[in-house]
Amino acid sequence: MSTALRSVRAEWTKLRTTPGPAWLLLVTAVVTVALGAAVSAAATCPHDGCGIDVARLILSGVYLGQAPVAVLAVLAVSGEYSTALIRTTLTAMPSRPAVLGAKALVLGVAVAAIGSLAVLGSLLVAGVLLPRHGFTPEHGYPGLSLADGPVLRASGGTVAYLVLVAILSLGAAAVVRDSGAAIGSVLGLLYLPPLVTQLVTDPDLHRRLEQLAPMSAGLAVQATTGLHQLPIGPWAGLGVLAAWSAGALLAGTALLRHRDT
(Lines give C-alpha, C1' and ligand atoms only; values in the text may rest on other atoms or scores of the structure.)
Protein backbone atom coordinates (compact mmCIF):
# COMPACT_ATOMS: atom_id res chain seq x y z
CA MET A 1 0.00 0.00 0.00
CA SER A 2 1.42 3.42 -0.97
CA THR A 3 2.31 6.05 1.61
CA ALA A 4 -0.40 8.40 0.33
CA LEU A 5 -3.08 5.71 0.53
CA ARG A 6 -1.99 4.70 4.03
CA SER A 7 -2.11 8.35 5.11
CA VAL A 8 -5.64 8.77 3.75
CA ARG A 9 -6.78 5.57 5.43
CA ALA A 10 -5.29 6.66 8.76
CA GLU A 11 -6.93 10.10 8.59
CA TRP A 12 -10.28 8.57 7.68
CA THR A 13 -10.01 6.23 10.68
CA LYS A 14 -9.31 9.19 12.98
CA LEU A 15 -12.23 11.15 11.57
CA ARG A 16 -14.83 8.41 11.89
CA THR A 17 -13.73 7.02 15.27
CA THR A 18 -13.44 10.35 17.08
CA PRO A 19 -16.79 11.73 18.35
CA GLY A 20 -15.93 15.42 17.91
CA PRO A 21 -15.85 15.53 14.08
CA ALA A 22 -19.23 13.80 13.76
CA TRP A 23 -20.85 16.34 16.08
CA LEU A 24 -19.28 19.29 14.30
CA LEU A 25 -20.43 17.98 10.93
CA LEU A 26 -23.93 17.53 12.33
CA VAL A 27 -23.89 21.07 13.74
CA THR A 28 -22.81 22.34 10.31
CA ALA A 29 -25.83 20.76 8.65
CA VAL A 30 -28.32 21.78 11.35
CA VAL A 31 -27.11 25.40 11.60
CA THR A 32 -27.01 25.84 7.83
CA VAL A 33 -30.53 24.51 7.30
CA ALA A 34 -31.97 26.24 10.39
CA LEU A 35 -30.61 29.69 9.57
CA GLY A 36 -31.65 29.35 5.92
CA ALA A 37 -35.14 28.35 7.07
CA ALA A 38 -35.33 31.29 9.49
CA VAL A 39 -34.31 33.78 6.80
CA SER A 40 -36.74 32.22 4.33
CA ALA A 41 -39.56 32.40 6.87
CA ALA A 42 -38.84 36.07 7.57
CA ALA A 43 -38.73 37.16 3.91
CA THR A 44 -41.87 38.30 2.08
CA CYS A 45 -42.76 39.11 -1.51
CA PRO A 46 -46.20 40.73 -1.53
CA HIS A 47 -46.06 41.89 -5.16
CA ASP A 48 -44.45 41.16 -8.49
CA GLY A 49 -40.78 42.05 -8.89
CA CYS A 50 -39.57 41.99 -5.30
CA GLY A 51 -35.95 42.04 -6.38
CA ILE A 52 -34.83 39.30 -4.00
CA ASP A 53 -32.25 36.69 -5.03
CA VAL A 54 -34.07 33.64 -3.70
CA ALA A 55 -31.14 31.23 -4.13
CA ARG A 56 -28.89 33.47 -2.07
CA LEU A 57 -31.65 33.87 0.50
CA ILE A 58 -32.09 30.12 0.88
CA LEU A 59 -28.37 29.39 1.11
CA SER A 60 -27.64 32.17 3.62
CA GLY A 61 -27.31 29.58 6.39
CA VAL A 62 -23.73 29.02 5.27
CA TYR A 63 -22.77 32.29 6.99
CA LEU A 64 -22.98 30.41 10.30
CA GLY A 65 -22.56 26.90 8.95
CA GLN A 66 -18.97 27.66 7.98
CA ALA A 67 -17.95 28.24 11.62
CA PRO A 68 -18.13 24.59 12.78
CA VAL A 69 -16.39 23.58 9.55
CA ALA A 70 -13.51 25.89 10.45
CA VAL A 71 -13.36 24.51 13.99
CA LEU A 72 -13.39 20.92 12.70
CA ALA A 73 -10.52 21.57 10.28
CA VAL A 74 -8.43 23.40 12.89
CA LEU A 75 -8.85 20.60 15.44
CA ALA A 76 -7.81 18.02 12.85
CA VAL A 77 -4.31 19.50 13.11
CA SER A 78 -4.00 21.41 16.38
CA GLY A 79 -5.84 18.70 18.31
CA GLU A 80 -2.97 16.33 17.53
CA TYR A 81 -0.45 18.86 18.77
CA SER A 82 -2.29 19.37 22.06
CA THR A 83 -2.37 15.61 22.74
CA ALA A 84 1.11 14.92 21.28
CA LEU A 85 -0.54 12.49 18.87
CA ILE A 86 1.21 14.35 16.07
CA ARG A 87 4.47 12.58 17.04
CA THR A 88 2.84 9.20 16.55
CA THR A 89 1.29 10.32 13.27
CA LEU A 90 4.60 11.58 11.87
CA THR A 91 6.46 8.49 13.09
CA ALA A 92 4.02 6.24 11.27
CA MET A 93 3.84 8.55 8.22
CA PRO A 94 7.21 10.35 7.90
CA SER A 95 6.15 12.26 4.77
CA ARG A 96 4.72 15.43 6.30
CA PRO A 97 3.21 16.81 3.08
CA ALA A 98 1.44 13.46 2.61
CA VAL A 99 -0.01 13.71 6.12
CA LEU A 100 -1.38 17.21 5.58
CA GLY A 101 -2.58 16.31 2.09
CA ALA A 102 -4.41 13.29 3.47
CA LYS A 103 -6.07 15.43 6.13
CA ALA A 104 -7.16 17.91 3.46
CA LEU A 105 -8.58 15.16 1.24
CA VAL A 106 -10.49 13.37 4.00
CA LEU A 107 -11.85 16.61 5.45
CA GLY A 108 -12.76 17.88 2.00
CA VAL A 109 -14.78 14.76 1.20
CA ALA A 110 -16.54 14.79 4.58
CA VAL A 111 -17.39 18.49 4.36
CA ALA A 112 -18.56 18.11 0.75
CA ALA A 113 -20.90 15.30 1.79
CA ILE A 114 -22.42 17.15 4.75
CA GLY A 115 -22.49 20.41 2.78
CA SER A 116 -24.45 18.72 0.00
CA LEU A 117 -26.98 17.41 2.50
CA ALA A 118 -27.27 20.85 4.11
CA VAL A 119 -27.83 22.54 0.75
CA LEU A 120 -30.45 20.01 -0.28
CA GLY A 121 -32.15 20.37 3.09
CA SER A 122 -32.19 24.15 2.74
CA LEU A 123 -33.74 23.90 -0.72
CA LEU A 124 -36.42 21.49 0.48
CA VAL A 125 -37.36 23.59 3.51
CA ALA A 126 -37.43 26.78 1.46
CA GLY A 127 -39.61 25.07 -1.13
CA VAL A 128 -42.24 24.73 1.58
CA LEU A 129 -41.81 28.12 3.26
CA LEU A 130 -41.27 30.59 0.42
CA PRO A 131 -44.56 30.08 -1.49
CA ARG A 132 -46.40 30.91 1.75
CA HIS A 133 -44.69 34.31 1.81
CA GLY A 134 -45.45 35.42 -1.71
CA PHE A 135 -42.57 33.82 -3.62
CA THR A 136 -44.85 32.35 -6.27
CA PRO A 137 -44.83 32.12 -10.08
CA GLU A 138 -47.33 34.99 -10.15
CA HIS A 139 -44.73 37.20 -8.47
CA GLY A 140 -41.93 36.05 -10.75
CA TYR A 141 -40.57 33.23 -8.61
CA PRO A 142 -41.11 29.77 -10.11
CA GLY A 143 -40.18 26.79 -7.98
CA LEU A 144 -36.45 26.33 -7.51
CA SER A 145 -34.85 23.36 -9.23
CA LEU A 146 -31.31 22.07 -9.49
CA ALA A 147 -32.04 21.66 -13.20
CA ASP A 148 -31.83 25.46 -13.40
CA GLY A 149 -28.23 26.39 -14.21
CA PRO A 150 -27.83 29.38 -11.87
CA VAL A 151 -29.44 27.51 -8.96
CA LEU A 152 -27.20 24.50 -9.58
CA ARG A 153 -24.15 26.76 -9.68
CA ALA A 154 -25.19 28.52 -6.46
CA SER A 155 -25.81 25.19 -4.71
CA GLY A 156 -22.67 23.47 -5.92
CA GLY A 157 -20.66 26.62 -5.30
CA THR A 158 -21.88 26.73 -1.70
CA VAL A 159 -20.63 23.19 -1.14
CA ALA A 160 -17.30 24.12 -2.74
CA TYR A 161 -17.17 27.21 -0.51
CA LEU A 162 -17.44 25.07 2.63
CA VAL A 163 -14.72 22.72 1.38
CA LEU A 164 -12.40 25.66 0.70
CA VAL A 165 -13.08 27.08 4.17
CA ALA A 166 -12.06 23.69 5.61
CA ILE A 167 -8.80 23.72 3.62
CA LEU A 168 -8.11 27.33 4.61
CA SER A 169 -8.63 26.43 8.27
CA LEU A 170 -6.48 23.31 7.98
CA GLY A 171 -3.60 25.33 6.55
CA ALA A 172 -3.98 28.02 9.21
CA ALA A 173 -3.89 25.37 11.96
CA ALA A 174 -0.67 23.90 10.50
CA VAL A 175 0.87 27.37 10.59
CA VAL A 176 -0.30 28.43 14.07
CA ARG A 177 -0.71 24.99 15.75
CA ASP A 178 -2.56 26.42 18.75
CA SER A 179 -6.31 25.65 18.56
CA GLY A 180 -7.62 28.91 20.00
CA ALA A 181 -5.29 31.11 17.98
CA ALA A 182 -6.00 29.23 14.75
CA ILE A 183 -9.78 29.29 15.20
CA GLY A 184 -9.69 32.99 16.08
CA SER A 185 -7.49 33.75 13.07
CA VAL A 186 -9.72 31.92 10.61
CA LEU A 187 -13.00 33.28 11.94
CA GLY A 188 -11.51 36.77 12.06
CA LEU A 189 -10.34 36.44 8.46
CA LEU A 190 -13.83 35.35 7.40
CA TYR A 191 -16.07 37.64 9.43
CA LEU A 192 -14.09 40.83 10.09
CA PRO A 193 -13.37 42.09 6.54
CA PRO A 194 -17.08 42.45 5.64
CA LEU A 195 -17.58 44.51 8.81
CA VAL A 196 -14.56 46.69 8.12
CA THR A 197 -15.63 47.14 4.51
CA GLN A 198 -18.90 48.71 5.65
CA LEU A 199 -16.92 51.50 7.28
CA VAL A 200 -15.08 52.35 4.06
CA THR A 201 -16.71 55.24 2.22
CA ASP A 202 -14.46 55.34 -0.84
CA PRO A 203 -16.39 53.32 -3.48
CA ASP A 204 -13.30 52.02 -5.30
CA LEU A 205 -11.61 50.85 -2.11
CA HIS A 206 -14.90 49.42 -0.87
CA ARG A 207 -15.26 47.38 -4.06
CA ARG A 208 -11.64 46.21 -3.96
CA LEU A 209 -11.97 45.01 -0.37
CA GLU A 210 -15.09 43.04 -1.30
CA GLN A 211 -13.16 41.48 -4.16
CA LEU A 212 -10.30 40.40 -1.91
CA ALA A 213 -12.05 39.33 1.30
CA PRO A 214 -12.39 35.51 1.34
CA MET A 215 -16.01 35.36 2.54
CA SER A 216 -17.37 38.29 0.52
CA ALA A 217 -15.68 37.09 -2.64
CA GLY A 218 -16.34 33.39 -2.10
CA LEU A 219 -20.06 33.76 -1.44
CA ALA A 220 -20.54 35.67 -4.70
CA VAL A 221 -20.97 32.18 -6.15
CA GLN A 222 -24.44 32.09 -4.57
CA ALA A 223 -25.75 35.02 -6.63
CA THR A 224 -28.20 34.20 -9.41
CA THR A 225 -29.51 37.70 -10.21
CA GLY A 226 -27.91 41.10 -10.78
CA LEU A 227 -24.53 39.55 -11.59
CA HIS A 228 -23.36 42.70 -13.40
CA GLN A 229 -23.75 44.63 -10.14
CA LEU A 230 -21.53 42.31 -8.10
CA PRO A 231 -18.05 43.49 -7.06
CA ILE A 232 -16.72 40.21 -8.45
CA GLY A 233 -18.19 37.42 -10.59
CA PRO A 234 -19.40 34.18 -9.01
CA TRP A 235 -16.59 31.90 -10.23
CA ALA A 236 -13.91 34.58 -9.90
CA GLY A 237 -15.01 35.15 -6.30
CA LEU A 238 -14.76 31.46 -5.52
CA GLY A 239 -11.32 31.56 -7.15
CA VAL A 240 -10.26 34.25 -4.67
CA LEU A 241 -11.22 32.00 -1.76
CA ALA A 242 -9.42 29.10 -3.46
CA ALA A 243 -6.28 31.25 -3.64
CA TRP A 244 -6.53 32.03 0.09
CA SER A 245 -7.01 28.32 0.85
CA ALA A 246 -4.15 27.20 -1.38
CA GLY A 247 -1.85 29.80 0.14
CA ALA A 248 -2.69 28.70 3.69
CA LEU A 249 -2.23 25.02 2.84
CA LEU A 250 1.11 25.65 1.11
CA ALA A 251 2.34 27.74 4.05
CA GLY A 252 1.21 25.06 6.49
CA THR A 253 2.93 22.34 4.46
CA ALA A 254 6.19 24.30 4.24
CA LEU A 255 6.26 24.96 7.99
CA LEU A 256 5.31 21.37 8.83
CA ARG A 257 8.23 20.14 6.74
CA HIS A 258 10.87 22.42 8.18
CA ARG A 259 10.21 22.71 11.89
CA ASP A 260 10.17 20.30 14.81
CA THR A 261 6.81 19.04 16.05
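The values are calculated or read from the model by the stated rules, or taken from the named source; none is laboratory data. Model, not experiment: these values are computed from the prediction. Note: ideal-geometry Cβ built from the backbone for every residue, glycine included; neighbour counts use all protein chains shown. Please note that ligands, DNA and RNA were not included when accessible areas were found on the heavy atoms of the full protein model with its side chains. Shrake-Rupley method; radii C 1.70, N 1.55, O 1.52, S 1.80 Å.
See the values below:
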{"read-out": "Portion, in percent, of the accessible area of the chain that falls on carbon or sulfur, probe 1.4 Å", "value": "69"}
{"read-out": "Heavy-atom accessible area per residue - segment 1-86, 1.4 Å, Å²", "value": "46"}
{"read-out": "Mean projected area in nm² (Cα convex hull; one quarter of hull surface) for segment 149-261", "value": "7.7"}
{"read-out": "Folded to 0 to 90 degrees: helix 3-17 orientation relative to the chain principal axis, Cα", "value": "70"}
{"read-out": "Heavy-atom accessible area per residue - segment 103-183, 1.4 Å, Å²", "value": "40"}
{"read-out": "Inverse of mean 1/r across different Cα pairs in the chain, Kirkwood, Å", "value": "19.3"}
{"read-out": "Rg(Cα)/(2.2 N^0.38 Å) for segment 30-184, N = residue count", "value": "1.29"}
{"read-out": "As computed over segment 1-59, the Cα convex hull volume per residue (Å³)", "value": "90"}
{"read-out": "Paramagnetic label zone (point 7 Å from Cα along Cα-to-C-beta, LEU120; backbone N under 14 Å) in segment 46-83", "value": "none"}
{"read-out": "Crossing angle, helix 234-258 versus the chain [Cα axis fit, 0-90 degrees, rounded to tens]", "value": "10"}
{"read-out": "Under Karplus coefficients 6.51, -1.76 and 1.60, residue-wise ³J(HN,Hα) of segment 139-155 in Hz, glycine/proline x", "value": "9, x, 10, x, x, 6, 8, 5, 6, 7, x, x, 5, 5, 5, 5, 6"}
{"read-out": "Positive minus negative residues near GLY101 (Lys, Arg vs Asp, Glu; Cβ under 14 Å)", "value": "+4"}
